[in-house]
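The values are calculated or read from the model by the stated rules, or taken from the named source; none is laboratory data. What you see is a predicted model, and the numbers here were worked out from it, not measured in a lab. Methodologically, a virtual Cβ is constructed for each residue, glycine included, from the backbone with ideal geometry; neighbour enumeration extends over all protein chains shown. In case anyone asks, the SASA skips ligands and DNA or RNA and just uses the protein heavy atoms, side chains included. Shrake-Rupley method; radii C 1.70, N 1.55, O 1.52, S 1.80 Å.
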Amino acid sequence: MNTSPAISVRNLVKRFGTKTVVDHVSMDVATGEIVGFLGPNGSGKTTTIRIICGLLTPDEGEGSVLGHDLRTEALRIKREVGYMTQRFSFYEDLTIAENLEFVARLYRLKPVEEHVGRTLEELGLTSRRDQLAGTLSGGWKQRLALAACIMHKPKLLLLDEPTAGVDPKARREFWDEIHRLARDGLTVLVSTHYMDEAERCHRISYISYGRMLASGAVDEVVANAGLTTFVVEGEHLNEVAAELEGRPGVEQIAPFGATLHVVGSDAKLLKKSLADIARRDGVTVRPGETSLEDVFIQFMAGSKDNMQ
Amino acid sequence: MNAVFSFGRLGALLIKEFIQMRRDRITFAMMLGVPLVQLVLFGYAINNDPKALPAALVVTSQDQYTRAMVSALETTGYYRFVRVAASEAEAESLMARGEVSFVVTIPSDFRRRVDRGDNPRILIEADATDPSAAGNAIATLGTVASQALLREQGMEAVAAENAAGQLQVVVHRRYNPEGISQYNIVPGLLGVILQMTLVMMTSIALTRETERGTMENLLAMPASPTEIMLGKVLPYLVVGGVQVAVVLAAARLLFSVPFVGSLWLLVGAIFVFVMALVLLGYTISTVARTQMQALQLTFFFFLPSILLSGFMFPYRGMPGWAQALGEILPLTHFLRVTRAVMLKGADFAEIAAEIAALSVFAVVFAGLALMRFRRTLD
Ligand SMILES: Nc1ncnc2c1ncn2[C@@H]1O[C@H](COP(=O)(O)OP(=O)(O)OP(=O)(O)O)[C@@H](O)[C@H]1O
Ligand SMILES: [Mg+2]
């Protein structure tokens, strides 16, 4: 496998008016890697992806994508990258087949019919090839868009929330497909709000208010967050939760089924605050595993404080 | 693989555009319907030879000459006397209110002057706000009136020459002293129709993609600005061609506009004009952010084009600054070409300067559009 990075960008800055939407973001993605791009709404994921595929010019920073300079070789980057937009951006007044033919011709894939036919078959849309794209359901639009952007066999896939609104089975198939493509050397940067999808990535990057807060394998990110989690089991958990609210060291209380996850960044303080609960009859407190979601919620709470 | 231009990619864009055009039934119908409706409405309103126009008569005596004159005017079919006004002032207000198109005044000394052979006069005031409507009515007037007078005097038509010269018909065109000749209208209409529909449709070419969100995808794919521009304007060149055929055929069949020049010369000039128009529209679409802005900009160009090109008012009659403004409008040059070729049978040498001007417009608009085109979303 090629070891030169597929994406290598340094200190990207993008401002809209006075608002800095991407704030000194650096990112390295190795060839063949699947990187998840996470962050709350409006954190700058779409903007960063657009900069990487040459659709926005950064105000500061530089970098290369697939070995091409971000600022000067946008056209070459476009030819080798597949970009799936967050909002459906194929032609709703063209049929499924016509949309795919359009893409195939623009990338000069030959013969057009063969490429389109194969893609339709893989999608299972052969029988609906003459249906207008605008009349597809949301999930099918996503699948059509994905199929269209991998048709020209790009070396790098930039996917902006590709599975929003897609059913679980299709989601599973989609991720299986992504992993299969990655094994053949395709690099993928995919933004998502789903934790289970983040966990299927080799690495994740977490962005908040335009700043990259964490980057690494899922367990690394979880470990680096330095959070301690206790699982509380027993009766009257609602009352327990109410009691714990606001105690020193208790930063998150989240009910999970019949248990309560209590999370904090200061292990000692958290333990002290839970001591009297643990002594209670019918209630047990045991150390638990911090999940990625706990970490993200912690990030979100933290960065909101930064903004205020 | 050529980065700047590929026929394959242009083909992709063209096919897509044609499919969209075909699916958008209303727009498609508009492309063909608007020129026809406009031509028929404008053409008939302006070019028809209206008869039985309401007229008022101001007479002070009831002698035989006056009666002969009135019945002669009525038999032309153009005049329908609806009122006999007692005074000049009353007739004046009738015309101001639009109740009559003509006021015919036969002075009280008419009979005396006829008898004395002393240049008898009648006065015709015409409402010339719609000059072509009054045109024929006025044109027939002189002869009809003289003949009627001669008949009444019992003179033979052969010996009429001198006496006919005696009758003076004084015509006052009111409200619009410059009359426009009718045949000018239809060739002019061709230019106006093309300008309106083509600029409007191409001006929303890019803004529509932006508003539908498809621009992001289009820009992410490897199409160059030149390909995108041609992919957008060439389909409308075809639309323009169809419109031209429709208008020219209608001009011939419905209005019998004379066509004395070379058809191929005209087609060549139209091609250059249409190219300039679609590129103007496309340039607008690189500037406008929304479809609404695009339409506003289109009208910003459309109004001066109609007013200053010589379509509405005779070009030579405009003040110098207005003529200078008119020179920088494609429609001005196109009107000169069509009128010269269709009505006067001009050859290439005579219109070469105008065609050159139109080509300059096309090149300048294409350059501007390519300069303005944003390859990115910022
Ligand atoms: N063209 C623009 N002009 C002005 N502000 C913009 C523009 N595009 C994005 N923004 C702002 O930049 C910020 C980041 O937007 P972006 O779309 O990158 O977020 P995101 O992380 O993709 O969010 P989401 O998860 O909701 O898709 C938002 O506050 C948004 O309002
Ligand atoms: Mg987004």
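Could you list all residues from region A:37-49 that are more than 9 Å from ligand 2 (Cβ to nearest atom) and either under 20 Å from B:D378 (Cβ atoms) or open to solvent by 10 Å² or more (accessible area, probe 1.4 Å) (or both)?
Residues satisfying the conditions are A:P40, A:T48.
When you check A:G216 against the structure, is it farther than 23 Å from A:L260 by Cα, within 16 Å of ligand 2 (Cβ to nearest atom) and open to solvent by less than 10 Å² (accessible area, probe 1.4 Å), yes or no?
No; evaluated as a whole, the condition is false for this residue.
Would you check if there is a residue in region A:53-66 being closer than 26 Å to A:H179 by Cα and within 14 Å of ligand 1 (Cβ to nearest atom)?
yes
Being open to solvent by 30 Å² or more (accessible area, probe 1.4 Å) and within 14 Å of another protein chain (Cβ to nearest Cβ) is the filter here; which residues of region B:346-378 pass it?
B:R374, B:R375, B:T376, B:L377, B:D378
Is it fair to say A:I34 is more than 8 Å from ligand 1 (Cβ to nearest atom), open to solvent by less than 10 Å² (accessible area, probe 1.4 Å) and within 12 Å of another protein chain (Cβ to nearest Cβ)?
no
Among the residues of region A:1-20 satisfying the criterion of being crowded, with 19+ Cβ neighbours inside 10 Å and within 13 Å of ligand 1 (Cβ to nearest atom), which is farthest from the other protein chains (Cβ to nearest Cβ)?
The selected residue is A:L12.
How about region B:348-378: which of its residues are out of contact with any helix residue (DSSP H, G or I) (no Cβ under 7 Å at 6 or more places or on another chain) and more than 20 Å from B:A223 (Cβ to Cβ)?
B:A349, B:A352, B:A353, B:A356, B:V360, B:V363, B:V364
Test A:T57 against the stated conditions and say whether it is facing another protein chain (nearest Cβ under 7 Å), open to solvent by 10 Å² or more (accessible area, probe 1.4 Å) and either in a helix (DSSP H, G or I) or over 22 Å from A:R200 (Cβ atoms) (or both).
yes
Within 14 Å of the chain's Cα centre (by Cα), buried (at least 21 other Cβ atoms within 10 Å of the Cβ), in the same structural domain as A:D28 (by TED's automatic domain parsing) and within 24 Å of A:P111 (Cα to Cα): does that describe A:L157?
Yes.
Kindly indicate whether any position in region A:131-144 is in contact with a strand residue (DSSP E or B) (Cβ under 9 Å, 6 or more places away or on another chain), at pLDDT 90 or above, within 14 Å of chain B (Cβ to nearest Cβ) and over 27 Å from B:E227 (Cβ atoms).
yes
Out of all the residues in region B:71-99, which are part of a helix (DSSP H, G or I) and of a type outside the set (S, T, Y)?
B:A72, B:L73, B:E74, B:E88, B:A89, B:E90, B:A91, B:E92, B:L94, B:M95, B:A96
Would you mind stating whether A:R118 is surrounded by fewer than 17 Cβ atoms within 10 Å (Cβ to Cβ) and assigned to a helix (DSSP H, G or I)?
Yes: the conditions hold for A:R118.
Could you list, in sequence order, the residues of region A:50-72 that are within 18 Å of A:K19 (Cα to Cα) and either among the basic types (K, R) or within 16 Å of ligand 2 (Cβ to nearest atom) (or both)?
Hits for region A:50-72 are A:R50, A:I51, A:L56.
Which residue pairs have Cβ atoms under 7 Å apart, sit 6 or more places apart or on different chains, and have a first residue in region A:245-263 that is hydroxyl-bearing (S, T, Y) and a second that is in a strand (DSSP E or B)?
Once the first residue is hydroxyl-bearing (S, T, Y) and sits in region A:245-263, its partners that are in a strand (DSSP E or B) give A:T259/A:V231; A:T259/A:V232; A:T259/A:E233.
Among the residues of region A:73-98, which ones are more than 16 Å from ligand 2 (Cβ to nearest atom), closer than 15 Å to A:A133 by Cβ and buried (at least 23 other Cβ atoms within 10 Å of the Cβ)?
Those that are more than 16 Å from ligand 2 (Cβ to nearest atom), closer than 15 Å to A:A133 by Cβ and buried (at least 23 other Cβ atoms within 10 Å of the Cβ): A:F90, A:I96.
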